[in-house]
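Everything on this sheet refers to the single structure shown next.
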Amino acid sequence: METRRILMRSLAVAVVIASVIWTTTAEEYRVNQLNSCCTKVSTAVVTDHIINVTLQRESLPCVRAVIFETERGRFCSDPRQPWVQEKVKQFFNLKKKTTNISY
């Protein structure tokens, strides 16, 4: 019984720590509101539903990036990452299919 309680506490602490790390990491790679651009990019996979995709060219202090817009905000991603390229293709293919529907 005591072992189970210790295990549950450890699991709860691990979840809290993981949440804090994920939140602070995600915040770090949001679009910089002062510059309205990405000044650094993340390689972390965006798992939220994507509302819009913007391709940003390099123009210092802005870096080359793919900006994924979600309900939680806009996230700066590294365009060289294979998962980013795949998400961009999926987004535009889905958008193309939904706009080509004729009535």
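The values are calculated or read from the model by the stated rules, or taken from the named source; none is laboratory data. Quick caveat, the model's predicted, so the values are computed rather than measured. Cβ sites come from the backbone with ideal geometry, for glycine too, and all protein chains shown count toward neighbours. Ligands, DNA and RNA are stripped out before the accessible areas are found, and what is left, the full protein with its side chains, is counted by its heavy atoms. Shrake-Rupley method; radii C 1.70, N 1.55, O 1.52, S 1.80 Å.
Results, tabulated for the structure shown:
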read-out: For Ile21: the one exception among (1) of a type outside the set (Phe, Trp, Tyr); (2) open to solvent by 90 Å² or more (accessible area, probe 1.4 Å); (3) at pLDDT 80 or above; value: (3)
read-out: Condition check for Ser77: surrounded by 12 or more Cβ atoms within 10 Å (Cβ to Cβ) and under 14 Å from Thr39 (Cα atoms); value: yes
read-out: Positions within region 39-55 being among the aliphatic types (A, V, I, L, M) and open to solvent by 50 Å² or more (accessible area, probe 1.4 Å), in sequence order; value: Ala44, Val45, Ile51, Leu55
read-out: Matching option when the condition is part of a loop (DSSP other than H, G, I, E, B) and either more than 13 Å from Ser36 (Cα to Cα) or at pLDDT 95 or above (or both), among Ile50, Ile67; value: Ile50
